[in-house]
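Asks: There's a structure below that I have some questions on.
The values are calculated or read from the model by the stated rules, or taken from the named source; none is laboratory data. Owing to the predicted nature of the structure, the values given are computational and were not obtained by experimental measurement. Positions of Cβ are backbone-derived with ideal geometry, glycine not excepted, and every protein chain shown enters the neighbour counts.
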């Protein structure tokens with residue numbers, strides 16, 4: 001009886017698990033709700049506003065207004081745009097950078113087919129294709145894709161403009177980036193190798209300074225020894241030996257100080273006691 005009950009419970013659990021899996025698989029994702037015409041109009045209005053700002057005015061806005069103040073101005077009755085302040089700054093900066101290659105853009109030529117909306121569960125992406133009078137590597141007009149991301153409340157959270165490039169341009173940029181990266185790595189490796197190779201000169205420099213410190217001590221020791229011998233000889237009263245000791249002391253001092261005795265030697269003419 002107990003075994004039968006266990007089998008029934010196990011079978012029931014398996015069936016419930018299968019029903020849950022099938023239900024979750026069959027359930028469609030709930031996408032963000034939006035009005036297509038209104039969202040396209042908002043995206044186009046943002047693009048017109050972004051295009052009206054130049055680099056100097058953008059720098060002025062960043063220095064004078066905070067992101068919260070920009071957000072409040074965009075929400076005003078005159079504009080009626082819900083946008084994050086940082087997202088607006090980013091959108092304008094990206095647009096101005098892209099226009100350096102795009103050239104002048106005629107936004108009035110943008111048609112409804114140039115605007116694509118891609119909804120998701122927690123955001124909506126709006127892509128607008130624009131064309132400028134700048135030329136690509138084949139002499140054709142430049143084009144770019146302006147991409148805006150809106151959250152569930154249809155507030156702008158991100159904006160970027162991407163230049164549409166040909167395959168050859170992408171490959172050229174990839175090759176340049178690769179060469180630049182490898183060149184930087186090799187330059188750093190060469191610098192490290194030179195730095196390690198220069199370590200051998202450190203010991204030479206240290207020895208040089210150590211020898212400079214030793215020379216005065218050796219000179220002083222030689223002079224002290226010579227004076228001691230002179231005093232010892234003088235006490236014994238041996239003038240000849242005293243003369244020899246003094247001569248030897250002078251020669252030792254000259255040798256220690258880097259000097260040299262004149263050719264033919266030197267002659268002690270006279271010694272007077274005081």
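Asks: Can you find a residue that is touching a helix residue (DSSP H, G or I) at 6+ places or on another chain (Cβ under 9 Å), over 19 Å from residue 36 (Cα atoms) and assigned by TED's automatic domain parsing to the domain that holds residue 84 anywhere in region 106-119? Let's see the steps before the verdict.
Replies: As a first pass, look at region 106-119 and keep what is touching a helix residue (DSSP H, G or I) at 6+ places or on another chain (Cβ under 9 Å): 107, 110, 112, 115, 117.
Subset that is over 19 Å from residue 36 (Cα atoms): 107.
Going one step further and asking which of them are assigned by TED's automatic domain parsing to the domain that holds residue 84, we end up with 107.
Looking through region 106-119, at least one residue is touching a helix residue (DSSP H, G or I) at 6+ places or on another chain (Cβ under 9 Å), over 19 Å from residue 36 (Cα atoms) and assigned by TED's automatic domain parsing to the domain that holds residue 84.
Asks: Can you name the condition, by its number, that residue 130 falls short on among (1) touching a residue at least 24 places away in the same chain (Cβ under 8 Å); (2) out of contact with any strand residue (DSSP E or B) (no Cβ under 7 Å at 6 or more places or on another chain)?
Replies: It fails just one condition, (2).
Asks: Anything in region 110-124 that is closer than 20 Å to residue 41 by Cβ and surrounded by fewer than 16 Cβ atoms within 10 Å (Cβ to Cβ)? List them, or say none. Write out each step before concluding.
Replies: Quick first cut of region 110-124, residues closer than 20 Å to residue 41 by Cβ only: 110-119, 123-124.
Residues satisfying the conditions are 111, 112, 113, 116, 117, 118.
Asks: Going residue by residue through region 113-120, is there one that turns out to be closer than 25 Å to residue 55 by Cβ and in a helix (DSSP H, G or I)?
Replies: Of region 113-120, the ones closer than 25 Å to residue 55 by Cβ are none.
Checked region 113-120: no residue is closer than 25 Å to residue 55 by Cβ and in a helix (DSSP H, G or I).
Asks: Would you confirm whether any residue within region 36-57 is in a loop (DSSP other than H, G, I, E, B), at pLDDT below 90 and surrounded by 10 or more Cβ atoms within 10 Å (Cβ to Cβ)?
Replies: No, there is no match, as no residue in region 36-57 is in a loop (DSSP other than H, G, I, E, B), at pLDDT below 90 and surrounded by 10 or more Cβ atoms within 10 Å (Cβ to Cβ).
Asks: Let me confirm something: among 99, 152, 127, 131, which residue is in the same structural domain as residue 75 (by TED's automatic domain parsing) and assigned to a loop (DSSP other than H, G, I, E, B)? Even if it seems obvious, please write down each step before you answer.
Replies: Numbers: 99 fails: assigned to a loop (DSSP other than H, G, I, E, B); 127 fails: assigned to a loop (DSSP other than H, G, I, E, B); 131 fails: assigned to a loop (DSSP other than H, G, I, E, B).
After applying the criteria, what remains is 152.
Asks: Check whether at least one residue in region 197-210 is at pLDDT 85 or above and surrounded by 10 or more Cβ atoms within 10 Å (Cβ to Cβ), and report yes or no.
Replies: No, that holds for no residue.
Asks: Sticking with this one: Residue 80 versus (1) surrounded by 16 or more Cβ atoms within 10 Å (Cβ to Cβ); (2) at positive phi: which is the lone unmet condition?
Replies: (1) is the only condition that residue 80 fails.
Asks: For residue 97, all conditions in the list (1) in contact (Cβ under 8 Å) with a residue 60 or more places away in the chain; (2) out of contact with any strand residue (DSSP E or B) (no Cβ under 7 Å at 6 or more places or on another chain); (3) surrounded by fewer than 16 Cβ atoms within 10 Å (Cβ to Cβ); (4) over 17 Å from residue 53 (Cα atoms) hold save one; what is the number of the exception?
Replies: (4)
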